Ligand code: COA
C-alpha cells in the first residue's frame, strides 16, 4: 500500500498554529486588526500603555488601564535599571540585539504572571536598549523617570534629554503600530518556548533572537543605509537594479503575508508627515517615497507574478531617523514595542496547555535490513 506523504511547506506559509484574540493580518486587503481595533485607529490616539492593557487583559483603550500601566511600567523601568551596573560587559557588545538578548537572559524568573511579569519584561527591554545605546556612544546610562510615559522615557534615556512632546508622540505611535502582528517569526518563537512549559524570560529571549534576523526585524537599519547610498531620487532605479543583479534583496520591500502595501507603512509615513509639519524633518521623506516608487517598478519587472510592496520597515527607518535614533538602535526599538505582543502571546499559548511539536519528513538513508 502506498504511504500518504504530506507536502512540506518549508516556511510554514499558510499553516495555522493558533487561534488568537490578539491580532489579525489580512494580507490580501492590507488590514491589521489589533484585539478588535484597526491599527490606524490605535496609532496616534491610544498610548502604548493602553495597548499593553488591550493585549494583556483586553481592556478597551480609554478605560483607565493606561494610567495604571503607566505607573507599573515606570516602576518596572526603575527595577530594570538596578541591573544596569551589573551588566557592563553586556552593554559593550557591538550589536544591540545581542546586548538585549544577553541582558534579558540575566533577569530572574519571578513575579506573578500577567501584568507584573509583562511590565517587568517591557520595562527591561526599554531600559536595556537605552543603556546599550548610551554605552556605545561613550556615555553613561541614564536612569529612568517613572513619572513619564514609556515612550517619552525611552527617548529620554537614549538622548539624555526630555524629548519634545511631538517626538515622544511619534515614538509612541510607532510602538503601538508594531506591538503585535499575527504569527510572525519572533512571536512564534516565543509561543513555541512557552508551549513547553518554560518561563517567560526564556520565551522572550528566544523571540529576541528571531527578531534580530534581517528577514524579520533586522531590516530598518539597512533601509536607512540604502537611502543614504542612493542619495537622490534619480539614482534610485540604477541602484536598486544593481542590488537585484548582485542577488541581494531590497530591504523594506516584500512580505510573507501582505500582497498589497503593509498598512503599517502608511501609518508610519503619516507620522513622518506630521513631524515634518511640526518642523521635524530630516528631508528623507521625499527620497524614501521616490525609492519606494522605483523599487515597486524594479520588483514588478523582476517578479511579475509576485506583488512586492513596502513593508513596515521601510518607513520605520524614516520615522526612527526623524526621532533622532541611530540606525543601530532601530531593531532594539522594534523589540521595545513588540515585547508587549510577545508577552500577550506567551500568556495565550499557556492557556491552551498544548505543546507545539510539528513533524519533519526524513529524506535521508534508512538502515539496510
Ligand atoms: N527584494 C528582492 N526580491 C525579493 C524581495 C525583496 N525585498 N522579497 C521577495 N523577493 C523575491 C524572493 O527572493 C523570491 O524570489 P525567488 O523565487 O527568485 O527566490 C520571490 O520574491 C518571492 O518571495 P517570497 O518567497 O514570497 O518571499 P518570502 O515570503 O520568503 O519573504 C520577506 C518575505 C519579508 C522575507 C522578503 O520579502 C524579504 O526578504 N524582504 C526584505 C527584507 C525585509 O524587508 N524584511 C522585513 C519584513 S517585515
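Every number in this text was worked out from the coordinates using simple rules, so none of it is lab data. Every value quoted in this text rests on a predicted model; they were computed, and no experiment measured them. Counting neighbours? That spans all protein chains shown, and the Cβs are built from the backbone with ideal geometry, glycine included.
Observations, loosely collected:
- Note: relative contact order over the chain, using C-alpha pairs below 8 Å and six or more positions apart, is 23 percent.
- Contact order normalised by residue count of the stretch 80-155, Cα under 8 Å, 6+ apart, percent: 36 percent
- Evaluated over the stretch 88-167, the Cα radius of gyration and Dmax, each in Å: 13.1, 37
- Where only C-alpha atoms are counted, convex hull volume of the chain per residue in Å³: 175 Å³
- Taking every C-alpha pair closer than 8 Å and separated by at least 6 residues, the mean separation divided by the residue count of the stretch 1-100 gives a relative contact order of 12 percent.
- Note: the stretch 25-176, Cα convex hull, 126 Å³ per residue.
- The stretch 278-353 - Rg (one decimal) and Dmax (whole number), Cα, Å: 17.3, 51
- For the stretch 326-369, the normalised intensity computed at q = 0.17, 0.22, 0.24 Å⁻¹ comes to -0.71, -0.83, -0.88 (log10 of I(q)/I(0), Debye sum over alpha carbons, equal scatterers, no solvent).
- Take the Cα of residue 286, go 7 Å toward its beta carbon, and none of the backbone nitrogen atoms of the stretch 299-334 fall under 17 Å from that spot.
- Scoring 142-150, 186-194, 296-304 by mean Cβ neighbours within 10 Å over their residues and listing the highest first yields 186-194, 142-150, 296-304.
- Convex hull of the stretch 213-356 built on C-alpha atoms - directionally averaged projected area, nm²: 10.2 nm²
- Prolate/oblate/rounded label for the stretch 210-274 (Cα gyration tensor, a/c 1.5): oblate
- For the stretch 110-228, the Kirkwood hydrodynamic radius comes to 16.0 Å, computed from all pairs of different C-alpha atoms.
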